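Take a look at the structure below.
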Amino acid sequence: MKQKIQIVLVIAIAVAALRAGWIFYQRYEANQQEQAKKATGSAPPLNPDYYVTPKKLHAYDLKSARELAKQPVWVKEGDRYAYYPYNPASHRASLSHEAGFLLPLQRLQIKDVVLAPSTGAPGQKQVLAVFQQQGKDFAFPIGSESAGDYRVYADEVVFIEDPKELYKHWPSDVWDSIDKHEVKPGMNEIQATFAIGMGVPEGTGLSNPRIVNFPNNGHPMRVTFTNGKATDIQPTS
């Protein structure tokens, strides 16, 4: 009797193992079919913006930062970076007096990159990119230097490639709106930033819809992005 019970238990365990194996196999097959379905194109395509990789300068000192002067540059985020009057004779900028803010995708030809004393920071100097506008000289910070140690963040401030080439997959009507500094329904947040400058999300910025406030060079806008696209655009005071 004991031996028969043992045989029955062994058979029951074997049947249970086979059943469990079959269930796992069915789940595996279903998962493989789902992956194959995605691979055949039924899944939504990835946003081509994800594949854009702008060239970077990777400047690490004054000499390497001066490579900026070898080609035009374009401002990444308007209304974020201030520029200041610059005196080429004294190689100094009036860093306590803002002349304005760089505009969205403003094209600049850098004349030189210089070191200038920092305001209120003894022993530290600013790395400044010098440019001309309406016949006057100005400069904006792209880094700092202290005791021979440099921190250059030019790659955060400007593109060294034409954004229209980087994002040439965007439709012409989107670029027309960007050139006019207008946000239109259907534009994504990168396109809106290129059009009217930096934006500040409300709350955590992780919600959907996502609400972003844009200073817009003194003409503030409140834009709601639903599933990544502008769905409501309102001027604010």
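The values are calculated or read from the model by the stated rules, or taken from the named source; none is laboratory data. Computed from a predicted model, the values in this text were never measured in an experiment. Note that each Cβ is placed from the backbone with ideal geometry, even for glycine, and that neighbours are counted across all protein chains shown. The accessibility values were calculated without ligands, DNA or RNA, using every heavy atom of the protein model including side chains. Shrake-Rupley method; radii C 1.70, N 1.55, O 1.52, S 1.80 Å.
For the range 83-88, in order, what is each residue's ³J(HN,Hα) by Karplus, 6.51 cos²θ - 1.76 cosθ + 1.60 with θ = phi - 60°, in whole Hz (x at glycine and Pro)?
Going residue by residue, I get 10, 9, x, 10, 9, x Hz, with x marking Gly and Pro.
Give me, ordered by chain and number, the residues 5 or more places off ARG92 or on other chains with an amide H under 5 Å from its own placed amide H.
Long-range HN contacts for ARG92: ASN87.
Leaving out ligands, DNA and RNA but keeping every protein chain, what accessible area does LYS70 have, in Å² rounded to the nearest 10, with a 1.4 Å probe?
Rounded to the nearest 10, that gives 150 Å².
HN-Hα J couplings of the range 157-174 from phi, Karplus 6.51/-1.76/1.60, θ = phi - 60°, integer Hz, Gly and Pro as x?
9, 9, 8, 10, 10, 5, x, 5, 7, 4, 10, 5, 7, 6, x, 5, 5, 5
On a full-extension model of 0.36 nm per residue, what is the gain between ARG222 and SER146, subtracting their alpha-carbon distance, rounded to one decimal in nm?
Gain on stretching ARG222 to SER146: 23.4 nm.
For the range 47-191, count the residues as N, evaluate 2.2 N^0.38 Å, and divide the Cα radius of gyration by that value, please.
With N residues counted in the range 47-191, Rg over 2.2 N^0.38 Å equals 1.13.
Find out how many positive minus negative residues lie around ASP176, taking Lys and Arg as positive, Asp and Glu as negative, among other residues whose Cβ is under 10 Å from that of ASP176.
-1
Out of the range 51-160, which chymotrypsin sites (Phe, Trp or Tyr not before Pro) are coil in DSSP terms and have no more than 15 other C-beta atoms within 10 Å?
Working: sites: TYR51, TYR60, TRP74, TYR81, TYR83, TYR86, PHE101, PHE131, PHE138, TYR150, TYR153, PHE159; in loops: TYR60, TYR81, TYR153.
Sites meeting the loop and neighbour criteria: TYR60, TYR153.
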